[in-house]
Amino acid sequence: MTKIIKISSNTTKLGIKLAHIVANRLKEIDQESEVIDIHSIDIKENNPAKKLDQALINGDIDIAAHNLMDLSNSFSEGVIKAAILNRGDTNNILVLKKDEAFFANKTATIATSNLLHKSQWLYRYPNHKLVDNNGNLEERLENFKNSNWDGAVFTIDELKKTKLLPKNNLKLGWMLPFPAQATVILAANKDNSEIIHICEELNDKETEICVTIEQEFFAALNEEKGAPIGALARIKEEELEFKASVFNPDGKNKIEFSKTVPVNHTTDLAEFAAKFLLDRNAKKILRKSGDVEKEIKVFSTKSLSIGQTSILHQNTGIDMSDFITIQYNRLKPIIFKNTIENLVFTSQSAVESVLNSFVSSEIEITNIYCVGRRTKRLIERNISKVTHIENTTKKLADYLVKNLKSKEITYLCGNDQINELTTILSNNNIVVNEIESYKTTFTPNEISKDHKGILFFSPFGIKSFLTKNKAGDQVAFCIGDTTATEAKKYFTKVVTSKLPTAESLLKSINEHFIQ
């Protein structure tokens with residue numbers, strides 16, 4: 001193509017950057033281009049997206065670049081999708097005023113005007129105060145700078161693209177993004193076959209598959225834009241993993257869906273996921289909190305998935321809140337400067353702390369040992385093959401004493417873990433290099449007295465519970481012996497699950513209450 005391709009977008013800082021990103025991509029395939037200020041074109045249309053559509057129809061520009069998440073309506077007649085670029089970072093981040101210490105306080109003030117951000121934050125931190133932060137990106141950053149807020153939530157992609165990312169930030173890997181977040185879509189005149197052909201060279205097929213599923217899922221729920229609905233599809237090794245959740249606006253409830261399928265079998269996935277959530281009262285969750293009264297009510301000190309809670313008998317209702325909060329430490333690069341021969345994980349939180357500080361290519365490990373099936377899956381999905389797994393810390397320690405050839409390990413742990421592993425190994429002349437990779441803090445709520453059972457997942461969870469509540473006649477359902485030992489100090493009725501899993505713990509509730 002001999003002519004210079006004209007590109008435009010909206011006139012925000014992010015829009016201008018998107019146009020220049022497209023120009024750079026065109027340069028990579030030897031196509032000359034220039035970025036056109038849409039305001040320089042005389043079109044009587046106030047809506048920025050429609051103004052770009054009209055410019056394409058009139059031939060004033062050849063390509064329009066949009067942030068796909070922000071598009072409210074379909075393109076005008078005569079304008080079509082020409083390409084979807086390789087997706088950016090889908091994570092959200094918390095920009096910090098000072099540091100992460102405020103998480104240990106009773107409450108905190110967090111700023112965001114995004115309802116999905118608000119509902120997810122309140123679901124995790126129900127004691128925090130959420131305030132609005134309105135305006136364009138620069139205005140929201142300035143609002144935060146001039147405020148006394150503890151933190152403000154942003155999408156990391158917009159900050160990276162505009163080079164406005166503050167250094168003092170915390171990645172919120174637990175937050176689901178909005179469907180099609182961090183995605184650039186290119187539009188063109190449907191009759192401009194030459195431009196459409198060029199754009200096809202820029203199209204990223206994997207991103208297109210993923211965001212199409214996310215958007216079809218959102219459309220199937222038939223909700224207004226901005227509703228607290230999160231979705232993320234990712235392709236890895238010929239498999240597509242899809243996660244989605246709908247939240248109550250005040251963060252009191254959520255319903256979630258997760259499924260992994262071969263990448264060539266995704267045709268009905270979006271519709272299936274939407275039906276799954278709708279069948280579980282997604283519409284009700286999106287609008288108000290509350291649950292149908294049950295004969296038996298229990299309370300979980302940890303948030304559980306819909307798949308897990310479905311194990312409970314139909315006459316048993318469950319309320320949930322996270323009574324402990326995990327803060328991942330920023331691990332020093334020197335930890336993985338050299339290959340680690342023996343690395344031990346006894347919790348998923350320790351694995352997450354590594355993934356928050358390093359990418360897999362930076363991690364060299366000869367042998368990985370861990371506790372728990374879920375921890376093993378997380379390690380093998382993101383780091384490397386696990387050498388050996390046990391279902392308790394003591395069993396893993398005993399295995400290492402008998403089988404470890406090199407008498408030294410590196411142990412990534414948290415401040416909440418009882419150092420049973422360290423004690424056993426040290427007593428058997430094995431050197432343990434402990435690295436505190438995360439901190440656990442109390443985030444308790446006062447709960448009503450009509451709960452007949454309380455679910456506990458760690459001794460720390462019991463201690464957190466007791467800061468706001470008294471141990472009464474409730475049954476303490478405990479996930480393992482260590483937790484049960486702590487519970488027996490305060491509760492007269494203690495039930496220990498047969499296996500150290502949430503599913504087994506929930507089954508023990510059925511066995512105890514349902515005759």
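The values are calculated or read from the model by the stated rules, or taken from the named source; none is laboratory data. Worth saying up front: this structure is predicted, and the values here are computed from it rather than measured. Positions of Cβ are generated from backbone atoms using ideal geometry, with glycine treated the same way; all protein chains shown enter the neighbour counts.
Screening the stretch 243-270 for residues that are part of a strand (DSSP E or B) and free of Cβ contacts under 8 Å to residues at least 40 places away in the same chain and picking the one that is farthest from Pro228 (Cα to Cα) gives Pro262. Go through (1) under 30 Å from Leu404 (Cα atoms); (2) out of contact with any Asp or Glu (no Cβ under 9 Å at 6 or more places or on another chain); (3) not in a helix (DSSP H, G or I) one by one and return the number of the condition Cys370 breaks. The single condition Cys370 does not satisfy is (2).
Filtering the stretch 475-485 to residues that are without any contact (Cβ under 8 Å) to a residue 40 or more places away in the chain and either among the polar types (S, T, N, Q) or surrounded by 23 or more Cβ atoms within 10 Å (Cβ to Cβ) (or both) leaves Ala476, Cys478, Thr483, Thr485. When the stretch 58-86 is filtered for residues that are charged (D, E, K, R) and either in contact with an Asp or Glu (Cβ under 7 Å, 6 or more places away or on another chain) or buried (at least 21 other Cβ atoms within 10 Å of the Cβ) (or both), only Asp62 remains. Within the stretch 361-417, restricting attention to residues that are acidic (Asp, Glu) and buried (at least 17 other Cβ atoms within 10 Å of the Cβ), the residue that is farthest from Thr346 (Cα to Cα) is Asp416.
Might you check whether a residue that is in the same structural domain as Phe465 (by TED's automatic domain parsing), farther than 28 Å from Leu170 by Cβ and touching a residue at least 40 places away in the same chain (Cβ under 8 Å) occurs anywhere in the stretch 298-305? There is at least one residue in the stretch 298-305 that is in the same structural domain as Phe465 (by TED's automatic domain parsing), farther than 28 Å from Leu170 by Cβ and touching a residue at least 40 places away in the same chain (Cβ under 8 Å). If you take the residues of the stretch 271-285 that are over 18 Å from Thr212 (Cα atoms) and either touching a His at 6+ places or on another chain (Cβ under 7 Å) or part of a helix (DSSP H, G or I) (or both), which of them is modelled with the lowest pLDDT? Among those that are over 18 Å from Thr212 (Cα atoms) and either touching a His at 6+ places or on another chain (Cβ under 7 Å) or part of a helix (DSSP H, G or I) (or both), it is Lys284. Annotation: of all residues in the stretch 8-52 being basic (Lys, Arg), within 24 Å of His197 (Cα to Cα) and without any contact (Cβ under 8 Å) to a residue 24 or more places away in the chain, the one that is surrounded by the fewest Cβ atoms within 10 Å (Cβ to Cβ) is Lys27.
Scanning the stretch 435-477 for residues that are within 18 Å of Asn415 (Cα to Cα) and small (Gly, Ala, Ser) turns up Ser437, Ser458, Gly461, Ser464.
Residue-wise test of (1) over 23 Å from Gly135 (Cβ atoms); (2) hydrophobic (A, V, I, L, M, F, W, C); (3) assigned to a loop (DSSP other than H, G, I, E, B).
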| site | (1), (2), (3) |
| --- | --- |
| Gly15 | no, no, no |
| Ala23 | yes, yes, no |
| Lys27 | yes, no, no |
| Ile43 | yes, yes, yes |
| Gln54 | yes, no, no |
| His66 | no, no, no |
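Of all residue pairs spaced 6 or more apart or on separate chains, those with beta-carbon atoms under 9 Å, a first member in the stretch 112-126 that is under 13 Å from Leu172 (Cβ atoms) and a second member that is assigned to a helix (DSSP H, G or I) are Thr112/Lys118; Thr112/Trp121; Thr112/Arg140; Tyr125/Phe103.
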